[in-house]
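Every number in this text was worked out from the coordinates using simple rules, so none of it is lab data. Because the structure is a prediction, the values reported are computed rather than measured. Here the Cβ positions follow ideal geometry from the backbone for every residue, glycine too, while neighbour counts run over all protein chains shown.
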Amino acid sequence: MAEAADAVRARARTAGFTERDVHFIERAADWEDVRAAAGNLSLFAARRLLEVRLGSARPGTGGSAVLAGLLERADPDTLLLILSPRLDRDAQSAQWVRAAQAHGAWLAVWPVELGKLVGWLRARSRRLGVNLAPEALQLLAERTEGNLLAADQELRKLALLGDPASGDGGAVRAGFADSARFDVFRLSDAALAGESARALRVLAGLRSEGTEPTLVLWALIKALRDLGAAVLAPGAAGGWRRSSAALEAAVSRCPRLSFASLMLRAGRADRMIKGRLHGDPWDEMALLAVELCARPALPTPQSMFQ
């Protein structure tokens, strides 16, 4: 998204939009500043770039009206660049989004999933003149998953080294720290796909990043519910942001899964989070994730109270 915005800014400069006015929207009152800035004539340049960075995908009624008004006004001397978080289905139907589609352009930038990250790294390394071995590409993908900025920085480091030996897996392993960033949906997708080692790695990453255990447990329970729904209604769509391939893999393992035991694990983790049962909820969630991969690690207690 940052690179796409840089490309727009560069093109704007060549078209004569030499002044740039940036607004970070954090509260409702900020929209008055945007409205005032749009109405003020520039003293330094005939054309300007008005950049609005949304803190939320839902700017509210007032914000939506301001953006829609600016877009519909179509001032030839003002270029409006809006940067927003991910827009869900409801947010995409907002007044300002419809106005952007009608009077401008809307570019959705999707995350690069692990399965496509190696190809993304290969293409980018070639543009930088870096020849990475398949082992190095795979290792770099694992160490920068969910963090494209870190991935790009590591490739640029290799380009600066200019050493043919820097393209092997040993150099990547020795020279670069683990910069992967995860969200809870990567954990549940890995568990559904049966990738136990990756699920535990993602879980450890979430823990080190300070993710609330309640949110992690919610994602695992949501995965269980999506799996149950897929078993009861074959062919139905998965949950929000759910990988269909991961869900299909989990459905194929259902004969080896005990939903009663899995829900018992989830209940125990919930009680540990709330301090009503002695134990580490992260350890219990690790067991839950591994058992969802059909790899039982420890016998399941007969009760969530044990």
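Using θ = phi - 60° and the Karplus relation 6.51 cos²θ - 1.76 cosθ + 1.60, list the HN-Hα couplings for segment 117-130 in order, rounded to whole Hz, with x at every Gly or Pro.
So the Karplus estimates, Gly and Pro as x, are 5, 4, x, 5, 5, 4, 5, 5, 5, 5, 5, 8, x, 10 Hz.
Which ordering of Trp96, Trp218, Trp106 is given by a fewest-first count of other beta-carbon atoms within 10 Å? Write out the running numbers ahead of the final one.
Working: Trp96 23, Trp218 15, Trp106 12.
In increasing order of surrounding Cβ atoms, one gets Trp106, Trp218, Trp96.
How many nm separate the modelled label positions at Ala133 and Asn147, each set 7 Å beyond the Cα in the direction of the Cβ?
2.4
Cut-off is 10 Å between beta-carbons; in what order do Thr211, Thr144 appear when sorted fewest neighbours first? Could you put the intermediate results ahead of the total?
Working: Thr211 17, Thr144 24.
Exposure proxy ranking, most exposed first: Thr211, Thr144.
Contour minus end-to-end for Asp90 and Ser258, with contour as 0.36 nm per residue of separation and end-to-end as the Cα-Cα distance?
Working: separation 168, 0.36 × 168 = 60.48 nm, distance 3.60 nm.
Taking 0.36 nm per residue and subtracting the Cα distance, the gain is 56.9 nm.
Just need the relative contact order of segment 184-292 here, percent rounded to a whole number, with Cα pairs under 8 Å and 6+ apart. Display every interim value, and only then the final one.
Values: 115 pairs, mean separation 38.1, N = 109.
Relative contact order comes out at 35 percent.
At what distance in nm do the modelled label points of His23 and Trp218 sit from each other, each positioned 7 Å from its Cα along Cα→Cβ?
3.1
For segment 184-292, what mean projected area does the convex hull of the alpha carbons give, in nm²? It would help to have the intermediate numbers written out before the result.
Details: hull surface 25.1 nm².
Taking a quarter of the hull surface, the average projection is 6.3 nm².
To the nearest 0.05, how large is the calculated FRET efficiency for Arg73 and Trp120 if R₀ is 35 Å and r is the Cβ-Cβ distance?
Numbers: r = 38 Å, r/R0 = 1.09.
My answer for the efficiency is 0.40.
What translational diffusion coefficient, to the nearest whole µm²/s, does segment 28-147 have by Stokes-Einstein, given a Kirkwood radius computed over alpha-carbon pairs, a temperature of 10 °C and 1.306 mPa s viscosity?
Details: Rh = 17.2 Å.
Approximately 92 µm²/s, per Stokes-Einstein.
What is the fewest-to-most order of Leu292, Leu287 by other Cβ atoms lying within 10 Å of their Cβ?
Details: Leu292 26, Leu287 18.
Exposure proxy ranking, most exposed first: Leu287, Leu292.
When the Karplus curve 6.51 cos²θ - 1.76 cosθ + 1.60 is applied with θ = phi - 60°, which whole-Hz ³J(HN,Hα) does each residue of segment 61-76 get, with x for Gly and Pro?
4, x, x, 4, 5, 5, 5, 4, x, 5, 5, 6, 5, 6, 6, x
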